[in-house]
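The values are calculated or read from the model by the stated rules, or taken from the named source; none is laboratory data. Source: prediction; values computed, not measured. Neighbour counts run over all protein chains shown; Cβ positions are idealised from the backbone, glycine included.
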Amino acid sequence: MTSPYHQTYAERALNHENPAAKLLLETMERKKSNLAVSVDVTRSEDFLAIVDAAGPYVCLVKTHVDVLEDFDYSLVERLQELSKRHDFVIFEDRKFADIGNTVALQYSSGVYKIANWSHITNAHPVPGSSIVKGLSSVGLPLGRGLLLLAEMSTKGSLATGSYTEEAVRMARAHRDFVIGFIAQRRMDGIGAAPDEAPEDEDFLILTPGVGLESKGDGMGQQYRTPREVVLDSGCDVIIVGRGIYGSEFQPDTIAARAERYMAEGWAAYVERTSST
Ligand code: S5P
């Protein structure tokens with residue numbers, strides 16, 4: 001069987017049963033974009049302006065709704081409208097990290113009610129597989145998908161070696177809900193004995209720490225180019241935040257930068273899928 005590295009997003013969509021994974025892969029194929037925009041700003045007005053400007057070029061919008069100072073639930077409705085208009089998937093980057101019972105409450109309830117609107121969310125594997133059980137009790141009936149943080153982009157990250165391997169084993173045991181990883185490279189077969197990894201293993205790899213103009217941010221973030229991430233490391237989605245919205249919220253600049261990242265990410269994917 002061809003490995004996911006060489007398969008097209010459309011081919012891989014057929015292998016996934018989880019609705020959020022399918023939706024993401026189909027959206028990537030339809031829009032010819034493997035770019036996700038990460039929108040980390042504190043004013044709803046800026047947030048919506050960035051999503052609207054970058055929306056046509058991305059397969060996914062990644063949010064941190066808890067940094068919005070003027071959040072109210074109507075923002076979610078606006079975001080959902082934009083998601084329909086521009087055809088993108090929504091990923092709240094909540095990074096859950098608590099016991100099963102607590103994360104189930106944090107996911108379903110409170111101010112944000114993340115499970116109601118976010119197709120995809122993520123969790124740190126640090127509490128063990130009970131975290132997947134807790135989140136899945138809420139998200140699976142709603143057709144949501146979960147990413148585990150198997151690696152991080154930051155300098156000195158502790159998510160390496162056997163921790164990363166355990167994260168992959170945890171995902172392998174919950175393939176209905178865990179659709180892939182936040183990681184810096186492909187994870188298929190990691191941590192499995194040669195006869196253990198299922199042949200059809202296909203995890204989605206969403207990768208932050210992507211920038212064309214800088215190598216880092218002075219606070220531990222490390223950037224690689226779309227080509228390094230998609231072609232050399234075999235990741236599926238490039239996540240770009242400040243590389244797209246920088247320090248200014250000019251819609252023209254945001255659209256132009258998003259278009260550039262989209263083109264670079266897609267060119268790397270085309271090169272990858274046409275190599276043997
Ligand atoms: O390892 C990680 C995991 C995540 S989800 N490194 C990251 O940077 N992130 C997130 O990606 C981070 O929380 C931020 O929202 C985004 C990167 O933003 P940028 O502005 O540095 O591109």
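Annotations
- Residues that are surrounded by fewer than 21 Cβ atoms within 10 Å (Cβ to Cβ) and within 13 Å of the ligand (Cβ to nearest atom) were ranked within region 240-266; the one that is farthest from ASN34 (Cα to Cα) is SER247.
- Total residues in region 236-263, condition of a type in the set (D, E, K, R), over 18 Å from the mean Cα position of the chain (by Cα) and not in a helix (DSSP H, G or I): 1
- Only listed residue being touching a Leu at 6+ places or on another chain (Cβ under 7 Å) and at pLDDT 95 or above, chosen from TYR223, TYR261: TYR261
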